[in-house]
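The structure under discussion appears below in the form of structure tokens.
The values are calculated or read from the model by the stated rules, or taken from the named source; none is laboratory data. On a predicted model such as this, the values are computed, not experimentally measured, just so you know. Counting neighbours? That spans all protein chains shown, and the Cβs are built from the backbone with ideal geometry, glycine included.
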Amino acid sequence: MTLDVQIEGIGFWAPGWPDWDSACAGLRRGDAPSADAPARPSPALLPPAERRRAPDPVLIACEVAAQACDAAGRDPSTLASVFTSTHGDTAITDWMCETLARAPRELSPIRFHNSVHNAPAGYWTIAAHCHAASTSISGYTASFAVGLYEAAVQARSADEPVLLVAYDIVSKGPLAEVVQSEAAFGIALVLAPARAGVELPSVTLRVDAGAKPTALALPGAFAALASGNPMAASALPFATALVSDAAPVLVLPFGVRGGLVVELG
Amino acid sequence: MPNPIDPVQITAHTATSALGHGRAAHARALRERRSGLRANDFTREPLACAIGRVDGLEAQPLPDGYERFECRNNRLAWLGAQGDGFLDVARAAVARHGAERVALLLATSTSSIGASEEAYERLEDGRIPADLRRPEVHTPHSLGLFLAALTGARGPCLTTATACSSSAKIFATAERLLRLGLVDAAILAGVDTLCGSVLYGFNSLELVSPEPCRPFDVARRGISIGEAAGFALVERAADALAPRLVGWGESSDAHHMSTPHPEGLGARRALDDALARAGLGAHEVDYINLHGTATPKNDEVEAAVVAAAFGARTRASSTKGWTGHTLGAAGILEVVISLLALEHGFVPGTLNSTTLDPLCGPQVTLANEDADLRIALSNSFGFGGSNCTLAFARGDRA
């Protein structure tokens with residue numbers, strides 16, 4: 001049983017690679033990350049005050065989501081969306097646990113409502129004036145693959161394009177020892193059901209409980225990013241396969257055992 | 001408007017909450033109008049509020065071999081999964097269909113964050129204490145890791161965390177997977193437990209009532225937080241006697257992170273989509289289990305949406321006066337309550353409330369009522385403006 005979709009647009013953000021074009025250059029030619037790229041994204045879609053104050057997951061998710069919609073030529077207000085993150089906003093989790101242990105009544109109401117796993121989806125739908133359905137999910141080491149799968153399921157079941165947004169941020173405080181993530185990373189895809197006569201990269205997904213995840217050699221600094229961020233660990237092999245000419249088959253971790261077989265065309 | 005869908009069968013379902021363990025305990029407490037709320041005895045520092053606490057979790061460790069998943073949330077999942085023999089039925093479905101053909105769809109708002117909170121209370125030289133240095137209990141998918149090991153299901157396994165709509169949305173996820181033929185069954189679980197984050201967090205937003213919550217009362221003062229585990233096994237419809245999911249609708253408010261859209265735009269869109277997928281008119285709905293958190297704003301907006309969309313014969317109530325607001329578990333807990341209402345032919349009223357807000361239409365009922373119910377809806381709304389309405393049909397009578 002397979003799921004077929006097309007990729008209409010891609011958004012990308014990591015320190016030194018502020019968009020998909022720069023990431024492609026790095027993935028294809030081994031270009032080094034840009035040294036003067038900003039340390040945090042500043043998505044134009046958000047109101048200026050939120051661009052400064054919003055938590056990192058919101059900034060990264062909104063940035064890559066807007067890039068992907070732009071590349072796809074899709075109006076952000078029209079797309080259903082799937083947001084996926086391995087650990088969510090670990091910086092707020094660290095802050096909240098530290099505050100609760102010290103002075104629980106000092107918990108800030110804004111940080112608390114920002115602590116929900118669907119905070120980036122909330123900010124995105126508000127900024128994009130989007131009333132379509134949105135979900136926010138997690139699947140531990142399979143978070144990228146289950147996001148890709150769920151977005152493809154939604155695109156096929158509704159016969160509509162769907163926005164997938166995947167991110168993880170840098171872990172902070174004592175939690176960082178058990179929730180390991182040393183780099184920020186986000187990627188977004190607009191996925192749509194295949195349409196006749198439209199030439200776009202295609203993705204075919206199949207679950208195989210016996211398949212072993214592919215170990216793919218990543219160029220240069222991307223290897224460090226993949227080992228330093230749980231979402232990048234799966235998303236970067238996928239991105240590398242996308243830009244390679246070989247149209248390979250890739251297996252991504254998908255659950256306790258087994259994998260999601262991803263065929264790119 | 002979305003196209004109608006084929007019904008999905010609810011083969012088995014169960015809930016554990018402050019009302020007790022399993023469906024019969026819930027039906028009894030609802031019938032007898034016995035609330036599960038009590039004065040807060042959970043937080044270390046006093047916080048004057050009522051909570052819906054599940055008794056005995058502290059004394060019920062996970063079974064041998066599952067020690068790495070130890071935390072309050074997974075303990076509640078373990079207790080809840082045994083309700084009404086659910087775990088046996090779920091494992092039988094895995095054996096019947098094959099492990100890869102059974103999805104495991106989890107829902108939670110705070111997952112195992114209680115374990116992270118505990119770790120920070122007793123740091124060892126600034127480090128997470130050795131017994132809690134387990135990544136499995138510091139991540140949103142903790143429940144998924146535990147239940148995958150417990151049930152043996154090997155199909156798609158993901159946790160939905162959209163705050164208080166989480167465990168309603170997994171019914172929609174399951175329907176899509178079944179419709180596309182990607183799986184033959186899905187095990188659904190929504191579990192959320194009491195923790196400092198939500199008690200002090202909602203308190204900081206001034207949304208926690210100092211007294212047991214009074215949904216839709218003109219003098220309501222906010223929510224009472226509870227904990228619960230709800231489970232359902234869903235398959236393609238085959239058994240006419242089983243209740244069925246007949247529709248779902250999901251939407252985004254696109255308004256504010258923690259306040260509903262003032263005209264209930266998102267709520268109305270979720271409702272309209274659920275009815276369209278069910279192929280039903282509003283006049284065919286017999287009962288609505290409302291989100292009804294008892295915050296001033298939620299109830300005001302939801303009451304207006306219901307008053308505008310439904311006629312006087314449709315009955316509606318919030319059952320949060322019994323269970324408290326169980327956050328990420330509220331959706332599936334209230335599905336179980338809605339299915340009990342259909343099965344037993346009664347409308348649970350709205351406990352603790354005495355004087356309805358004049359904004360309420362004739363649908364909202366304070367008293368329990370006996371009624372022949374065929375179609376029930378359940379509303380769930382969450383932070384971030386995440387809305388979900390589910391529609392269920394009663395199984396045929398034997």
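Things worth noting here:
- Yes/no for B:E343 being surrounded by fewer than 21 Cβ atoms within 10 Å (Cβ to Cβ), more than 23 Å from B:L188 (Cα to Cα) and modelled with pLDDT of 95 or more: no
- Test: residue in the stretch B:278-290 that is of a type in the set (G, A, S) and within 27 Å of A:H113 (Cβ to Cβ): no
- Counted residues, the stretch A:122-157 - those being in a helix (DSSP H, G or I), closer than 30 Å to A:M1 by Cα and either facing chain B (nearest Cβ under 7 Å) or among the hydrophobic types (A, V, I, L, M, F, W, C) (or both): 15
- Each residue in the stretch A:158-208 was checked for being touching a residue at least 60 places away in the same chain (Cβ under 8 Å), part of a strand (DSSP E or B), surrounded by fewer than 20 Cβ atoms within 10 Å (Cβ to Cβ) and within 14 Å of another protein chain (Cβ to nearest Cβ), and 2 pass.
- Flag: A:S81 does not match the condition of being surrounded by fewer than 15 Cβ atoms within 10 Å (Cβ to Cβ), at pLDDT 95 or above and touching a Cys at 6+ places or on another chain (Cβ under 8 Å).
- Criterion (aliphatic (A, V, I, L, M), modelled with pLDDT of 95 or more and surrounded by fewer than 24 Cβ atoms within 10 Å (Cβ to Cβ)) met by exactly one of A:A66, A:A49: A:A66
- Of the strands (runs of 3 or more DSSP E) lying entirely inside the stretch B:148-265, those containing at least 1 residues that are farther than 27 Å from A:T99 by Cβ and within 13 Å of chain A (Cβ to nearest Cβ) are B:157-160, B:185-192, B:244-252.
- Taken together, A:A246, A:A233, A:A223 contain a single residue that is surrounded by 18 or more Cβ atoms within 10 Å (Cβ to Cβ) and either among the small types (G, A, S) or in a helix (DSSP H, G or I) (or both), which is A:A233.
- Test: residue in the stretch B:317-331 that is within 17 Å of B:P243 (Cα to Cα) and within 15 Å of the chain's Cα centre (by Cα): yes
Per-residue answers, yes or no, for (1) within 16 Å of the chain's Cα centre (by Cα); (2) of a type outside the set (D, E, K, R); (3) in a loop (DSSP other than H, G, I, E, B); (4) more than 10 Å from chain B (Cβ to nearest Cβ):
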position	(1), (2), (3), (4)
A:A68	yes, yes, no, yes
A:R74	no, no, yes, yes
A:F83	yes, yes, no, no
A:H87	yes, yes, yes, no
A:D94	no, no, no, no
A:C97	no, yes, no, no
A:A101	no, yes, no, no
A:R105	no, no, no, no
A:I110	no, yes, no, no
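- Test: residue in the stretch B:351-369 that is surrounded by fewer than 21 Cβ atoms within 10 Å (Cβ to Cβ), acidic (D, E) and touching an Asp or Glu at 6+ places or on another chain (Cβ under 7 Å): yes
- Top-ranked residue in the stretch A:243-262 [being more than 9 Å from chain B (Cβ to nearest Cβ) and over 19 Å from the mean Cα position of the chain (by Cα); ranked as modelled with the lowest pLDDT]: A:A247
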